[in-house]
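For reference, the structure is listed below as C-alpha coordinates.
The values are calculated or read from the model by the stated rules, or taken from the named source; none is laboratory data. As the structure is a prediction and not an experimental result, all values here were calculated from the model. Every residue, glycine among them, receives a Cβ derived from its backbone with ideal geometry; neighbour counts consider all protein chains shown.
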Amino acid sequence: MTDELDALIADLRAEADRDRPTEETPEIGIVMGSDSDLDVMMGTDEKPGAYDALTELGFAEVTDYDDPPESRFTFETYVVSAHRTPDLMYAYAETAADRGLDVIIAGAGGKSADLPNMVASIAYPIPVIGVPVQEKSVDSVIGMPSGAPIVAVDAGKSYNAALSAVQILGRTHRELADRLVDGHETLRESVAETSRALHELGTPGFRDRRT
Ligand code: AIR
(Lines give C-alpha, C1' and ligand atoms only; values in the text may rest on other atoms or scores of the structure.)
Protein backbone atom coordinates (compact mmCIF):
# COMPACT_ATOMS: atom_id res chain seq x y z
CA MET A 1 0.00 0.00 0.00
CA THR A 2 1.26 3.50 -0.80
CA ASP A 3 1.79 6.02 1.98
CA GLU A 4 -0.86 8.33 0.60
CA LEU A 5 -3.47 5.59 0.30
CA ASP A 6 -2.57 4.28 3.72
CA ALA A 7 -2.97 7.75 5.20
CA LEU A 8 -6.33 8.37 3.54
CA ILE A 9 -7.75 5.08 4.79
CA ALA A 10 -6.36 5.74 8.28
CA ASP A 11 -7.95 9.22 8.26
CA LEU A 12 -11.35 7.76 7.39
CA ARG A 13 -11.07 5.16 10.13
CA ALA A 14 -9.91 7.77 12.67
CA GLU A 15 -12.81 10.01 11.72
CA ALA A 16 -15.20 7.10 12.29
CA ASP A 17 -13.82 6.72 15.82
CA ARG A 18 -14.37 10.40 16.66
CA ASP A 19 -17.55 11.37 18.40
CA ARG A 20 -18.61 14.59 16.70
CA PRO A 21 -22.04 16.19 17.07
CA THR A 22 -24.23 15.30 14.11
CA GLU A 23 -24.52 19.00 13.12
CA GLU A 24 -20.76 19.01 12.47
CA THR A 25 -20.56 15.99 10.19
CA PRO A 26 -21.56 15.89 6.51
CA GLU A 27 -25.00 14.46 5.78
CA ILE A 28 -24.14 13.54 2.20
CA GLY A 29 -21.07 11.76 0.88
CA ILE A 30 -20.17 12.04 -2.80
CA VAL A 31 -17.74 9.57 -4.31
CA MET A 32 -16.63 9.14 -7.90
CA GLY A 33 -14.41 6.57 -9.57
CA SER A 34 -11.99 9.08 -11.06
CA ASP A 35 -11.46 12.81 -11.20
CA SER A 36 -12.32 12.44 -14.90
CA ASP A 37 -15.91 12.04 -13.58
CA LEU A 38 -15.80 15.43 -11.87
CA ASP A 39 -17.65 17.48 -14.50
CA VAL A 40 -20.51 14.99 -14.73
CA MET A 41 -20.71 14.45 -11.00
CA MET A 42 -20.34 18.00 -9.75
CA GLY A 43 -21.45 19.98 -12.81
CA THR A 44 -20.21 22.60 -15.24
CA ASP A 45 -21.53 25.98 -16.40
CA GLU A 46 -23.25 24.21 -19.28
CA LYS A 47 -24.69 21.31 -17.31
CA PRO A 48 -25.25 21.67 -13.56
CA GLY A 49 -24.51 18.66 -11.35
CA ALA A 50 -24.66 17.53 -7.74
CA TYR A 51 -22.49 20.41 -6.52
CA ASP A 52 -24.85 22.95 -8.03
CA ALA A 53 -28.01 21.29 -6.71
CA LEU A 54 -26.60 21.01 -3.19
CA THR A 55 -25.19 24.53 -2.97
CA GLU A 56 -28.46 25.95 -4.36
CA LEU A 57 -30.20 24.17 -1.49
CA GLY A 58 -27.87 25.73 1.08
CA PHE A 59 -25.39 22.88 1.53
CA ALA A 60 -21.67 23.60 1.86
CA GLU A 61 -18.71 21.33 1.08
CA VAL A 62 -16.67 20.05 4.00
CA THR A 63 -12.94 20.08 3.30
CA ASP A 64 -11.69 19.88 6.89
CA TYR A 65 -13.63 17.84 9.46
CA ASP A 66 -12.03 19.87 12.26
CA ASP A 67 -13.19 23.13 10.73
CA PRO A 68 -16.60 22.48 9.16
CA PRO A 69 -18.50 25.20 7.25
CA GLU A 70 -21.06 27.28 9.13
CA SER A 71 -23.88 25.85 7.05
CA ARG A 72 -26.05 23.36 8.97
CA PHE A 73 -26.11 20.93 6.05
CA THR A 74 -22.94 19.77 4.36
CA PHE A 75 -21.45 17.23 1.98
CA GLU A 76 -18.01 15.72 1.42
CA THR A 77 -16.35 14.66 -1.82
CA TYR A 78 -13.78 11.96 -2.61
CA VAL A 79 -12.35 10.01 -5.53
CA VAL A 80 -12.63 6.30 -4.74
CA SER A 81 -11.98 3.70 -7.42
CA ALA A 82 -13.62 0.30 -6.98
CA HIS A 83 -10.93 -1.36 -9.10
CA ARG A 84 -7.80 0.70 -8.49
CA THR A 85 -8.37 1.15 -4.76
CA PRO A 86 -10.84 -1.48 -3.50
CA ASP A 87 -9.38 -1.07 0.01
CA LEU A 88 -10.22 2.65 -0.01
CA MET A 89 -13.72 1.88 -1.29
CA TYR A 90 -14.20 -0.61 1.50
CA ALA A 91 -12.94 1.80 4.16
CA TYR A 92 -15.06 4.65 2.80
CA ALA A 93 -18.28 2.65 2.73
CA GLU A 94 -17.64 0.77 5.95
CA THR A 95 -17.02 3.99 7.93
CA ALA A 96 -19.84 5.98 6.31
CA ALA A 97 -22.37 5.52 9.12
CA ASP A 98 -19.87 6.16 11.91
CA ARG A 99 -18.68 9.30 10.14
CA GLY A 100 -22.25 10.62 10.25
CA LEU A 101 -23.31 10.21 6.61
CA ASP A 102 -27.03 9.72 6.00
CA VAL A 103 -26.92 9.16 2.25
CA ILE A 104 -24.24 8.58 -0.37
CA ILE A 105 -24.13 9.64 -4.02
CA ALA A 106 -21.73 7.40 -5.93
CA GLY A 107 -20.79 7.79 -9.58
CA ALA A 108 -18.62 5.81 -11.95
CA GLY A 109 -18.13 5.53 -15.67
CA GLY A 110 -17.07 2.95 -18.22
CA LYS A 111 -18.63 -0.48 -18.62
CA SER A 112 -17.41 -1.68 -15.21
CA ALA A 113 -18.96 1.07 -13.12
CA ASP A 114 -18.94 -0.92 -9.91
CA LEU A 115 -18.35 1.78 -7.30
CA PRO A 116 -22.04 2.65 -6.74
CA ASN A 117 -23.21 -0.94 -6.38
CA MET A 118 -20.31 -2.02 -4.18
CA VAL A 119 -20.65 1.02 -1.92
CA ALA A 120 -24.38 0.29 -1.68
CA SER A 121 -23.62 -3.25 -0.52
CA ILE A 122 -20.94 -2.31 1.98
CA ALA A 123 -22.62 0.80 3.42
CA TYR A 124 -26.03 -0.88 3.67
CA PRO A 125 -28.50 0.22 5.10
CA ILE A 126 -27.35 3.75 4.22
CA PRO A 127 -29.12 4.59 0.96
CA VAL A 128 -26.83 4.95 -2.04
CA ILE A 129 -27.85 6.86 -5.14
CA GLY A 130 -25.87 5.64 -8.13
CA VAL A 131 -24.92 7.90 -11.03
CA PRO A 132 -23.83 6.15 -14.23
CA VAL A 133 -21.36 8.66 -15.62
CA GLN A 134 -21.97 7.45 -19.20
CA GLU A 135 -24.78 5.60 -21.00
CA LYS A 136 -22.63 2.48 -21.17
CA SER A 137 -22.39 2.48 -17.35
CA VAL A 138 -26.14 2.23 -16.71
CA ASP A 139 -26.47 -1.57 -16.63
CA SER A 140 -23.46 -1.92 -14.39
CA VAL A 141 -24.80 0.60 -11.86
CA ILE A 142 -28.39 -0.61 -11.64
CA GLY A 143 -27.84 -4.34 -11.98
CA MET A 144 -28.13 -5.46 -8.37
CA PRO A 145 -29.35 -8.84 -7.10
CA SER A 146 -32.51 -9.09 -4.97
CA GLY A 147 -31.85 -8.07 -1.40
CA ALA A 148 -28.98 -5.74 -2.34
CA PRO A 149 -30.72 -2.51 -3.34
CA ILE A 150 -29.44 0.64 -5.00
CA VAL A 151 -31.30 3.76 -6.05
CA ALA A 152 -30.08 5.17 -9.35
CA VAL A 153 -30.56 8.02 -11.78
CA ASP A 154 -30.13 8.07 -15.54
CA ALA A 155 -26.71 8.56 -17.10
CA GLY A 156 -25.13 11.85 -16.12
CA LYS A 157 -28.01 13.00 -13.91
CA SER A 158 -26.01 13.86 -10.82
CA TYR A 159 -28.17 16.96 -10.33
CA ASN A 160 -31.17 14.70 -9.79
CA ALA A 161 -29.13 12.39 -7.58
CA ALA A 162 -28.49 15.34 -5.27
CA LEU A 163 -32.18 16.25 -5.22
CA SER A 164 -33.05 12.65 -4.36
CA ALA A 165 -30.49 12.69 -1.54
CA VAL A 166 -32.05 15.85 -0.12
CA GLN A 167 -35.52 14.32 -0.47
CA ILE A 168 -34.36 11.50 1.82
CA LEU A 169 -32.94 14.01 4.32
CA GLY A 170 -36.11 16.09 4.02
CA ARG A 171 -38.10 13.39 5.77
CA THR A 172 -36.26 14.21 9.01
CA HIS A 173 -35.31 17.86 8.34
CA ARG A 174 -38.43 19.86 7.56
CA GLU A 175 -36.44 22.90 6.38
CA LEU A 176 -34.86 20.82 3.62
CA ALA A 177 -38.27 19.62 2.44
CA ASP A 178 -39.39 23.28 2.38
CA ARG A 179 -36.33 24.27 0.34
CA LEU A 180 -37.08 21.49 -2.16
CA VAL A 181 -40.65 22.69 -2.53
CA ASP A 182 -39.46 26.30 -3.03
CA GLY A 183 -36.99 25.12 -5.69
CA HIS A 184 -39.74 23.22 -7.44
CA GLU A 185 -41.95 26.33 -7.48
CA THR A 186 -39.09 28.28 -9.09
CA LEU A 187 -38.78 25.55 -11.72
CA ARG A 188 -42.51 25.67 -12.44
CA GLU A 189 -42.37 29.46 -12.76
CA SER A 190 -39.46 29.25 -15.20
CA VAL A 191 -41.40 26.81 -17.43
CA ALA A 192 -44.32 29.25 -17.45
CA GLU A 193 -42.01 32.20 -18.29
CA THR A 194 -40.38 30.21 -21.10
CA SER A 195 -43.75 29.15 -22.44
CA ARG A 196 -45.06 32.72 -22.52
CA ALA A 197 -41.87 34.01 -24.14
CA LEU A 198 -41.98 31.33 -26.86
CA HIS A 199 -45.64 32.02 -27.53
CA GLU A 200 -45.36 35.81 -27.55
CA LEU A 201 -42.00 36.18 -29.34
CA GLY A 202 -42.64 33.37 -31.83
CA THR A 203 -40.02 30.81 -32.76
CA PRO A 204 -37.51 33.13 -34.56
CA GLY A 205 -37.77 35.82 -31.87
CA PHE A 206 -37.39 33.27 -29.09
CA ARG A 207 -34.33 31.77 -30.79
CA ASP A 208 -32.81 35.25 -31.18
CA ARG A 209 -33.31 35.93 -27.48
CA ARG A 210 -31.52 32.73 -26.54
CA THR A 211 -28.37 33.55 -28.52
N1 AIR B 1 -13.44 3.71 -12.90
C2 AIR B 1 -12.39 4.06 -12.14
N3 AIR B 1 -12.09 3.02 -11.35
C4 AIR B 1 -12.94 2.03 -11.58
C5 AIR B 1 -13.80 2.47 -12.60
N6 AIR B 1 -14.80 1.78 -13.12
C7 AIR B 1 -14.10 4.52 -13.92
C8 AIR B 1 -14.19 5.98 -13.56
C9 AIR B 1 -14.16 6.67 -14.90
C10 AIR B 1 -13.57 5.66 -15.85
O11 AIR B 1 -13.35 4.48 -15.10
O12 AIR B 1 -15.38 6.21 -12.82
O13 AIR B 1 -15.46 7.03 -15.35
C14 AIR B 1 -12.26 6.12 -16.46
O15 AIR B 1 -11.38 6.53 -15.44
P16 AIR B 1 -9.99 7.26 -15.79
O17 AIR B 1 -9.39 7.58 -14.44
O18 AIR B 1 -9.20 6.32 -16.60
O19 AIR B 1 -10.37 8.52 -16.53
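Worth pointing out:
- The set of residues from segment 78-116 being surrounded by 22 or more Cβ atoms within 10 Å (Cβ to Cβ), within 14 Å of the chain's Cα centre (by Cα), of a type in the set (A, V, I, L, M, F, W, C) and within 9 Å of the ligand (Cβ to nearest atom) comprises Val80, Ala108, Leu115.
- Any hit, segment 53-65, residues being in contact (Cβ under 8 Å) with a residue 12 or more places away in the chain, of a type in the set (Phe, Trp, Tyr) and crowded, with 20+ Cβ neighbours inside 10 Å: yes
- The residue pairs whose first member lies in segment 27-39 and is farther than 15 Å from Thr63 by Cβ, whose second member is at pLDDT 95 or above and among the charged types (D, E, K, R), and whose beta carbons are closer than 7 Å, counting only pairs six or more residues apart or on different chains, are Glu27/Asp102.
- Segment 117-137, subset hydroxyl-bearing (Ser, Thr, Tyr) and surrounded by fewer than 24 Cβ atoms within 10 Å (Cβ to Cβ), residue nearest to the ligand (Cβ to nearest atom): Ser121
- Among residues that are within 16 Å of the ligand (Cβ to nearest atom) and surrounded by fewer than 18 Cβ atoms within 10 Å (Cβ to Cβ), Asp208 is not included.
- Which listed residue, of Ser146, Ser164, is closer than 19 Å to Val40 by Cβ and either outside any strand (DSSP E or B) or in the same structural domain as Glu46 (by TED's automatic domain parsing) (or both): Ser164
- If you go through segment 120-143 and pick out every residue that is small (Gly, Ala, Ser), closer than 21 Å to Tyr51 by Cβ and assigned to a loop (DSSP other than H, G, I, E, B), you end up with 0.
- Within segment 36-52, the presence of a residue that is among the aliphatic types (A, V, I, L, M) and more than 25 Å from Val133 (Cβ to Cβ) is excluded.
- Some residue of segment 69-77 being in a strand (DSSP E or B), more than 22 Å from Pro149 (Cβ to Cβ) and within 16 Å of the ligand (Cβ to nearest atom): yes
- Filter pass, Ala155 being in a loop (DSSP other than H, G, I, E, B) and under 17 Å from the mean Cα position of the chain (by Cα): yes
- Filtered residue count, segment 22-53, keeping only those that are assigned to a helix (DSSP H, G or I), within 16 Å of the ligand (Cβ to nearest atom) and not aliphatic (A, V, I, L, M): 4
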